[in-house]
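The values are calculated or read from the model by the stated rules, or taken from the named source; none is laboratory data. Nothing here was measured: the structure is a model prediction, and the numbers come from that model. Quick reminder, even Gly has a Cβ in these numbers, built from the backbone with ideal geometry, and neighbours come from all protein chains shown. We work out accessible area using only protein heavy atoms, side chains counted, and drop any ligands, DNA or RNA first. Shrake-Rupley method; radii C 1.70, N 1.55, O 1.52, S 1.80 Å.
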Amino acid sequence: ALFVSLAAGISLAQYGNPPAEAKKAIAKPDFKITASYIEACSCDQFCPCYFNTFAKAHNGVHFCKFNNVLRVDKGYYKDTNLAGVKVWLSGDLGHEWGQGKADWLVFTFDPSVTKAQQAAMLDILPKLYPVRWNPLGVDSVPIAWQVDKKVAHARLGNGKGEVILERIAGNNNDPAKEVVIGNLKYWAAQSNNGFRMWKNKRHYYEGHDQKFEFSGTNGFLITIHFEGSASKPAAD
């Protein structure tokens, strides 16, 4: 094994760079993030959208109105550092998302997010949620994001968005241990740390002619890992 390693080293030194195929195999992805979410929606716990191609029917109308509030724990997009970026996604999956078409979506960025970071996330997030959306807007509002041992709380600074989740205790044998669903894919993310079941106490959004509020519905915390290639610049 030592001989092989030395021979390979000598070969590279003599003949220069490795072939293009080898370079491609070890290429660094254009972006890579680890992000933690406070998430709630209008469906029952646990969200049936992860097991069906349609949202829950509410009085005969299928919809899944959600607030996904994420904070990037660490990550980059090309040369842009994304650590600390906070984004609030409000929307409705509608009734056709299983066919690749969702309803509406609003992006809200914390004002601390730079233009370069915002542009990066606007390329990354549609890849993470790869369905066709009707984008209603991109807003800038302060985002409060906090998780402790019993309560997870996210709030928009203008008062027009809030998510409050309360931790669900485990079974009687180990009530201190959280209820976690593992081995379940989160959208296009390559991996996650499990869906931590937290009950929705308040899940609210108002903006762009949309308004909803739910309580007692689905909520969870999750940390996801996602990487990939950036979109190519549009042709002039």
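Please give the per residue accessible area of segment 86-163, computed with a probe of 1.4 Å over protein heavy atoms only, in Å².
About 46 Å² of surface per residue is accessible.
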Can you list the HN-Hα couplings for segment 117-131, worked out from phi with the Karplus curve (6.51, -1.76, 1.60; θ = phi - 60°), rounded to whole Hz and with x for Gly and Pro?
-> 5, 4, 4, 5, 5, 6, 8, 6, 5, x, 6, 5, 10, x, 10
How would you rank 105-117, 193-205, 34-46, highest first, on the average number of other Cβ atoms within 10 Å across their residues?
-> 34-46, 193-205, 105-117
If amide H atoms are modeled at 1.01 Å from N in the peptide plane, then the residues at a separation of 5 or more from G94, or on another chain, having amide H under 5 Å from its own are C64, D103
Round to a whole number: what % of the accessible area of segment 176-236 belongs to carbon and sulfur, probe 1.4 Å?
-> 47
Over 31 Å between alpha carbons, listed pairs K150/K185; K74/K199; K115/K201; K28/K149 = K115/K201; K28/K149
5 angstrom amide H check on S140, placed H, neighbours 5+ away | F109
Check V85: other-chain or 5+ apart residues with amide H under 5 Å from its amide H, H built from backbone geometry?
-> V72
Taking Lys and Arg as +1 and Asp and Glu as -1, residues besides W133 with C-beta under 9 Å from its C-beta add up to +1
Phi angles of segment 27-40, converted by Karplus (6.51 cos²θ - 1.76 cosθ + 1.60, θ = phi - 60°) into ³J(HN,Hα) in whole Hz with x for Gly and Pro, give 4, 6, x, 5, 9, 7, 9, 10, 10, 10, 10, 10, 9, 8
Kirkwood radius from Cα pairs of segment 162-201 plugged into Stokes-Einstein at 25 °C, 0.890 mPa s, gives D in µm²/s equal to 212
Phi angles of segment 180-193, converted by Karplus (6.51 cos²θ - 1.76 cosθ + 1.60, θ = phi - 60°) into ³J(HN,Hα) in whole Hz with x for Gly and Pro, give 10, 9, x, 6, 10, 6, 9, 6, 9, 4, 5, 7, 8, 9
Report, in whole Å, the centroid distance computed from the Cα atoms of segment 110-127 and segment 150-166.
-> 21
Binning every alpha carbon pair distance of segment 111-236 at 5 Å from zero, what are the percents per bin?
-> 2, 8, 13, 16, 22, 18, 11, 5, 3, 1, 0, 0, 0
